[in-house]
Amino acid sequence: MIQQTPAFPAPEWLLRDQLIGAPSTAVLEWLFHEDSLTRRLTRLSDDHFCVEPQFEGWQPLRDDECAALQLPEGSEGWVREVYLLGRNERWVFARSVAARRALEQDGLHMDELGTRSLGELLFSDEAFARGPLQVCRYPAQWLPETDAQQGLWGRRSCFSRGNLSILVAEVFLPTAWRAIEPNAPLHAQEGR
């Protein structure tokens, strides 16, 4: 469970056309790919993909999450943090959040996903519409301690169905870039 502290301000989440000094083509392609990341990672891993839950529960959402979901600061929501693994390596850290009231009214049971991918659920339900992808250099203090590194690329988008919005953030770990581009740097340092 990762908490925002006042000493660490939220990053600036940017749309593709707002990036200055964009990263490599391969990095951009993965960050802004509109299809299911679960499906892409499953293909990349030759079907050796799984989800490793880290935390699930109700807690106050971070300020940037409240803003993205158009909620008052300090609103409570369901938080799900998982690793997406390929070939038994942690490739992506994912954090998904939804407002408590909207989730309870909608009847979606995020607490019952277990090791099932949330992305699989969202992309299989045509009632969910995906908002624009945004990216940032994800703050190290928001990552689990074992993977807390500065400069990792993260992306997020909001999936909406009626009054329910689920904000999904995905952070690409160096192991993912090694699998995507075996001869490339661990993660592109160029760009904003």
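A short reminder: the numbers here are calculations on the coordinates, not readings from a lab. On a predicted model such as this, the values are computed, not experimentally measured, just so you know. Quick reminder, even Gly has a Cβ in these numbers, built from the backbone with ideal geometry, and neighbours come from all protein chains shown.
A few comments on the model shown:
- Of the listed requirements (1) among the polar types (S, T, N, Q); (2) part of a helix (DSSP H, G or I); (3) exposed (fewer than 13 other Cβ atoms within 10 Å of the Cβ), residue 38 misses just one: (3).
- Matching option when the condition is touching a Phe, Trp or Tyr at 6+ places or on another chain (Cβ under 6 Å) and within 17 Å of residue 11 (Cβ to Cβ), among 128, 172: 172
- When residues of region 41-65 are limited to those that are in contact with a helix residue (DSSP H, G or I) (Cβ under 9 Å, 6 or more places away or on another chain) and surrounded by fewer than 16 Cβ atoms within 10 Å (Cβ to Cβ), the one nearest to residue 119 (Cα to Cα): 48
- Scanning region 39-77 for residues that are without any contact (Cβ under 8 Å) to a residue 40 or more places away in the chain and acidic (Asp, Glu), we see that the one that is nearest to residue 179 (Cα to Cα) is 47.
- Unique match (being in contact with a strand residue (DSSP E or B) (Cβ under 8 Å, 6 or more places away or on another chain), farther than 23 Å from residue 147 by Cβ and not hydrophobic (A, V, I, L, M, F, W, C)) among 52, 34: 34
- Those residues of region 65-79 which are outside any strand (DSSP E or B) and not polar (S, T, N, Q), in sequence order: 65, 66, 67, 68, 69, 71, 72, 73, 74
- Of 126, 145, all but one fail to be acidic (Asp, Glu), more than 30 Å from residue 23 (Cα to Cα) and without any contact (Cβ under 8 Å) to a residue 12 or more places away in the chain; the exception is 126.
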